[in-house]
1. If you check G46, G56, G41, which single one turns out to be at pLDDT 95 or above and out of contact with any helix residue (DSSP H, G or I) (no Cβ under 6 Å at 6 or more places or on another chain)?
2. Looking only at region 196-221, which residues are in contact (Cβ under 8 Å) with a residue 24 or more places away in the chain and surrounded by fewer than 16 Cβ atoms within 10 Å (Cβ to Cβ)?
3. Hydrophobic (A, V, I, L, M, F, W, C) and surrounded by fewer than 19 Cβ atoms within 10 Å (Cβ to Cβ): is that true of L152 in this structure?
4. On the given criteria, is G50 closer than 27 Å to D2 by Cα, touching a strand residue (DSSP E or B) at 6+ places or on another chain (Cβ under 6 Å) and small (G, A, S)?
5. Those residues that are assigned to a helix (DSSP H, G or I) and under 15 Å from F99 (Cα atoms), I need them from region 10-38; list them, please.
6. Taking T36 as the residue in question, decide whether it is surrounded by 18 or more Cβ atoms within 10 Å (Cβ to Cβ), more than 30 Å from K127 (Cα to Cα), polar (S, T, N, Q) and in contact (Cβ under 8 Å) with a residue 12 or more places away in the chain.
7. Of these, S276, S285, S272, S265, which one is in contact with a His (Cβ under 7 Å, 6 or more places away or on another chain) and either crowded, with 22+ Cβ neighbours inside 10 Å or more than 14 Å from I189 (Cα to Cα) (or both)?
8. Take T5 and decide whether it is in contact with a helix residue (DSSP H, G or I) (Cβ under 6 Å, 6 or more places away or on another chain) and outside any loop (DSSP other than H, G, I, E, B).
Amino acid sequence: MDVVTIGETMVLFTPQSQGQMRYATNFNRKFAGAETNVAIGLAKLGHKAGWISRVGNDEFGKAMVSFVKGEGVDVSQVQYDREAPTGLFFKEIRTMQQFRIQYYRNGSAASRMSKEDINENYLKQAKILYISGITPALSESCYEMIVYAAKLAKKHGLTVVFDPNVRRNLWSEEKARKVLLELVSYSDIVLPSVEEGEFLFGTKEPEEIGSEVLKRGASMAVIKVGSRGAWYVTKDKQELVPTVQVSEVKDPVGAGDGFCAGFLSGLLDGLSVRESVARGNLVGSIVVQVDGDVEGLPDREELGLYTSAAEDIRR
């Protein structure tokens, strides 16, 4: 196993029309969650990825597990919960530049995850543990589980990769900041956006955000700076890696997860940090051109075509 992810994935309903959702009568149903977005992105690029979670023992949960498995992700560690439902959320498209997200996840099956859901023998087979700041916000038991998993990963020599993925509506800012900074201290690589860096450290400067991450024990920070690309910061070097510009953004949601999948793919392939960040930027730019969180994630062949095109542009 190359990468193991832990977290909640939900059923996503998107109106087929733009404007206020009160007027929508027809919806498209998809599945989305940071952890499965990353796992699917890696699987499509030829890596072995596994997902640990809980879903409701309902039709949505069964459809979700079937979908994720069909994308090549190992779902052997996903549990069905007979007492809680699969979480839902809606993406309201006011305009192509304005999106609103409404979650219905309180009391969901995934919010009932605990340390007992982590199989140490399964986890220790992986090279990388990917976690996000969403999961510990779901419940106290989810928080304890993520900390437990991170400590197990460190024990067995896995690289712990942490994306803060700040969700302010899930908990208070004070608690969020405290827990997310704790998770930074358990991580080897931290992947905040510049806005998340400001939330955690009080600065928008990528170099300063990276420095704060390294002070807390991580070996690398990669700060996403939107259309500019991403900064990576290590103890030896810091550099902005520009992204490939796109002519049209159809759906910006999921771009960060695409970046993470591309970046981790680069590291797993033995690329340099700069090359890995460049691959992350490229995958993120591909994702935003397609409606949906995972629908735009490229496979290895498609990535090669985009890489050649990007190199032609740079010439």
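1. On the way: G46 fails: out of contact with any helix residue (DSSP H, G or I) (no Cβ under 6 Å at 6 or more places or on another chain); G41 fails: out of contact with any helix residue (DSSP H, G or I) (no Cβ under 6 Å at 6 or more places or on another chain).
Sole residue among the options that is at pLDDT 95 or above and out of contact with any helix residue (DSSP H, G or I) (no Cβ under 6 Å at 6 or more places or on another chain): G56.
2. E207, G217, S219 - these are the residues of region 196-221 that are in contact (Cβ under 8 Å) with a residue 24 or more places away in the chain and surrounded by fewer than 16 Cβ atoms within 10 Å (Cβ to Cβ).
3. Numbers: hydrophobic (A, V, I, L, M, F, W, C): yes; surrounded by fewer than 19 Cβ atoms within 10 Å (Cβ to Cβ): yes.
So L152 passes the test.
4. Values: closer than 27 Å to D2 by Cα: yes; touching a strand residue (DSSP E or B) at 6+ places or on another chain (Cβ under 6 Å): yes; small (G, A, S): yes.
Against the criterion (closer than 27 Å to D2 by Cα, touching a strand residue (DSSP E or B) at 6+ places or on another chain (Cβ under 6 Å) and small (G, A, S)), G50 qualifies.
5. Of region 10-38, the ones assigned to a helix (DSSP H, G or I) are 21-23, 34-38.
Residues satisfying the conditions are M21, R22.
6. Numbers: surrounded by 18 or more Cβ atoms within 10 Å (Cβ to Cβ): yes; more than 30 Å from K127 (Cα to Cα): no; polar (S, T, N, Q): yes; in contact (Cβ under 8 Å) with a residue 12 or more places away in the chain: yes.
Spelling it out, it is not the case that T36 is surrounded by 18 or more Cβ atoms within 10 Å (Cβ to Cβ), more than 30 Å from K127 (Cα to Cα), polar (S, T, N, Q) and in contact (Cβ under 8 Å) with a residue 12 or more places away in the chain.
7. Numbers: S276 fails: in contact with a His (Cβ under 7 Å, 6 or more places away or on another chain); S285 fails: in contact with a His (Cβ under 7 Å, 6 or more places away or on another chain); S272 fails: in contact with a His (Cβ under 7 Å, 6 or more places away or on another chain).
Result: S265 is the single residue among S276, S285, S272, S265 that is in contact with a His (Cβ under 7 Å, 6 or more places away or on another chain) and either crowded, with 22+ Cβ neighbours inside 10 Å or more than 14 Å from I189 (Cα to Cα) (or both).
8. Values: in contact with a helix residue (DSSP H, G or I) (Cβ under 6 Å, 6 or more places away or on another chain): yes; outside any loop (DSSP other than H, G, I, E, B): yes.
Yes, satisfied.
The values are calculated or read from the model by the stated rules, or taken from the named source; none is laboratory data. Bear in mind that the values here come from a model prediction, so they are computed numbers and not experimental data. All Cβ positions, glycine included, derive from the backbone under ideal geometry; neighbour counts span all protein chains shown.
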